[in-house]
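The values are calculated or read from the model by the stated rules, or taken from the named source; none is laboratory data. Computed from a predicted model, the values in this text were never measured in an experiment. Glycine also receives a Cβ, built like all others from the backbone with ideal geometry; neighbour counts cover every protein chain displayed. Keep in mind that these areas ignore ligands, DNA and RNA; they rest on the heavy atoms of the full protein, side chains included. Shrake-Rupley method; radii C 1.70, N 1.55, O 1.52, S 1.80 Å.
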Amino acid sequence: MSSAVNEITVIGATGSLARPTISRWLEQGLQVKAIVRNPEKARSRLPESVQLIHGDLRDVESLRRGLEGTRHLYLNLSTSTLRPDLDFYTEREGIANLLMAARGQGIEQILKISGMGVLHPEFSLQGRELFPNAIRKPGHVLLRESGIPFTLFHPSWFLDALPRLIRGGTFTMIGQLPHPIYFNNTDDYAQQVQTAMGNPDAFNRDFAIQGPHAILFDEAAKRFLAITAPDTPIRRIPMWLAQGMGLFNAEVRLAAHMMAFFMQFRESLVAEETWKVLGMPTTSLEDFFQRRTPHAATQVVSASK
């Protein structure tokens, strides 16, 4: 990381991956400003030390005001719909508006989270594409053509996703993922993004974000539960049932779409170049969840469970 970089502006700061990433940056002494649509609501979800500025990706003028003084901008945007008929997606039209607002602002680097399937479509054994990836790719083209140095991060699964699968006291999975996953986590990811900030070696580049060891999803789930909630039952919903439920529930429909994609997605280790530039991840699954579970420090948990 450039020693001159001591602050970052974030759009999408209240997202589930942005919040732990921001917390790690604050621990490292980075100053964080967040451009948010609803400052009052965001205040309840973000640390007090995060400066909140009103801004909306639909409103170029509000973005222009919010970006004042920004040198490094991090985008934690996502597409959480399967509807193809919308006239606005944050990762496409939102980025177009953002780049209009960024003109003349002196922004030195835009960093953005993406997805492994964008960088390595060959991992899709049946040639499928996630709908969110199809939306975000035109936005990436806009970033590449903007003239502002960019850095795109393409992660595999985050361990942070596992706790969100506990609903009503049950760990619920859709289908079964047959291929090992190079799980990463927001602790290591936050450090890698911070290393990329102001780093000329990271300008105008795409980075695969992976952990060093691949494990099956079911194994990761069992190891996670052994640390955090040993008595939690596991429920597996068949894909056909989830797809049927998705006819009446947009959230389930998106989850089924994503799991169907990952059932035919087989990644290989491609992050060696990332590690050369941004550093190698060092946090194990057990370390990651023990730090987040108060009672875990008193448990003796084998990494082989």
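For region 41-63, the candidate set comprises residues that are loosely packed, with under 13 Cβ neighbours inside 10 Å and assigned to a helix (DSSP H, G or I); within that set, the residue that is modelled with the highest pLDDT is Glu61.
Within region 217-255, the set of residues being within 21 Å of Tyr182 (Cα to Cα), within 20 Å of the chain's Cα centre (by Cα) and among the aliphatic types (A, V, I, L, M) comprises Ala220, Ala221, Ala255. Consider region 220-234 and keep the residues that are within 15 Å of Arg167 (Cβ to Cβ) and among the β-branched types (Val, Ile, Thr). The one that is most open to solvent (accessible area, probe 1.4 Å) is Ile234. In region 106-165, the qualifying residues are those that are over 13 Å from the mean Cα position of the chain (by Cα), under 30 Å from Phe289 (Cα atoms) and hydroxyl-bearing (Ser, Thr, Tyr), and the one that is surrounded by the most Cβ atoms within 10 Å (Cβ to Cβ) is Thr151.
Under the condition of being surrounded by fewer than 16 Cβ atoms within 10 Å (Cβ to Cβ) and more than 14 Å from Lys222 (Cβ to Cβ), the residues counted in region 167-182 number 6. Among residues of region 69-93 that are in contact (Cβ under 8 Å) with a residue 60 or more places away in the chain, those with a beta-carbon under 6 Å from a residue that is among the aromatic types (Phe, Trp, Tyr) at least six positions away or on a different chain give the pairs Leu82/Phe131.
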